[in-house]
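Notes follow once the structure below has been shown.
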Amino acid sequence: MSTTTSTAPPTTPAPTSALNASRTLATAARVLRQLRHDPRSIAMMILIPCVMLFLLRYVFDGSPRTFDSIGASLLGIFPLITMFLVTSIATLRERTSGTLERLLAMPLGKGDLIAGYALAFGTLAIIQSALATGLALWFLDLDVTGSPWLLLLVALLDALLGTALGLFVSAFAASEFQAVQFMPAVIFPQLLLCGLFTPRDNMHPALEAISDVLPMSYAVDGMKEVLHHTDMTAAFVRDALIVAGCALLVLGLGAATLRRRTA
């Protein structure tokens, strides 16, 4: 009499849904260790906004008031753009290399993963925003009426928004070239409609309505509040909360796009 034994195939641990601080911190530490070996990405994130502000200051060397009027807005826009580019490309590399595939096979929640990435890139965003703000205010003589800390806050929120957008769009790109191609679709329309070149209420009503739902519009509005008011205004608080809320919303959408590519 023979007996047969059947062995069940190994099961993959199901990812947990709740955020866990230790898993999030471990993910952030891993991303930072990888970025440490990519000095070009670090240089782009930290130095490019400073270089662009430096060039802009001396483009308007004969008209410092022009630099004052647009420099504050660009202090938020430059970090947003650079964080968008670097985050989307770096995250795409992890997707295409299979790193995210392996991580999602572990008991690691999607929220832990996306929060870890956001924390890692957010740490670099703090450094980037602090350097750019310090350069603009104390070396390039950007003249603002409000507190430098409020200027730094908006610059940081803009950089975090760029990080969130980069994490989100990386899910829809199959190569680094495609990730860069998302910039004209995601960033350029916001740049044109944010009120940097002309007040938004001077635009065609249809374009003004579109600009009202774009987060970069509120980033620019927040910078203008700091530029013209000594104290924190209700409009500034509204603009900052909208930018922060958009960043959190996009991070949530980014977590929703994290899926295993194979069964």
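The values are calculated or read from the model by the stated rules, or taken from the named source; none is laboratory data. On a predicted model such as this, the values are computed, not experimentally measured, just so you know. Here the Cβ is made from the backbone with ideal geometry for all residues, glycine too, and neighbour counts use every protein chain on show. To get the accessible areas, we keep the full protein, side chains included, count just its heavy atoms, and leave off ligands, DNA and RNA. Shrake-Rupley method; radii C 1.70, N 1.55, O 1.52, S 1.80 Å.
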Provide the net charge surrounding ALA26, with neighbours chosen by a C-beta distance below 11 Å and charges set as Lys +1, Arg +1, Asp -1, Glu -1. +2
For the stretch 14-76, with every protein chain kept in place, what is the accessible area per residue (1.4 Å probe, Å²)? 58 Å²
Give the shape of the stretch 153-254 as rounded, prolate or oblate, defined through the alpha-carbon gyration tensor: a ≥ b ≥ c are the square roots of its eigenvalues, a/c under 1.5 means rounded, and otherwise the shape is prolate if a/b is larger than b/c and oblate if not. oblate
Residues with beta-carbon under 14 Å from that of ALA206, excluding ALA206: net charge, scoring Lys, Arg +1 and Asp, Glu -1? -2
Accessible area of the stretch 174-263 belonging to carbon and sulfur atoms, whole % at 1.4 Å probe: 68 percent
Heads up, the stretch 110-208 by the C-alpha gyration tensor (a ≥ b ≥ c square roots of eigenvalues; a/c under 1.5 rounded, else a/b over b/c prolate, else oblate) looks oblate
Students often check this: by mean Cβ neighbours within 10 Å, which of 205-212, 84-91 ranks highest, and how do the rest follow? 84-91, 205-212
Can you give the FRET efficiency to the nearest 0.05 for VAL213 and ALA185, using r as the Cβ-Cβ distance and R₀ = 22 Å? 0.90
If packing is taken as the average count of other Cβ atoms within 10 Å, what order do 152-161, 236-245 fall into, highest mean first? 152-161, 236-245
Residues with beta-carbon under 9 Å from that of ASP68, excluding ASP68: net charge, scoring Lys, Arg +1 and Asp, Glu -1? -1
For THR96 and ASN20, compute 0.36 nm times the residue count separating them, minus their Cα-Cα distance, and round to one decimal in nm. 24.8 nm
Round to the nearest 0.05 the FRET efficiency obtained for THR123 and ASP61 when R0 = 51 Å and r is the Cβ-Cβ distance. 0.90
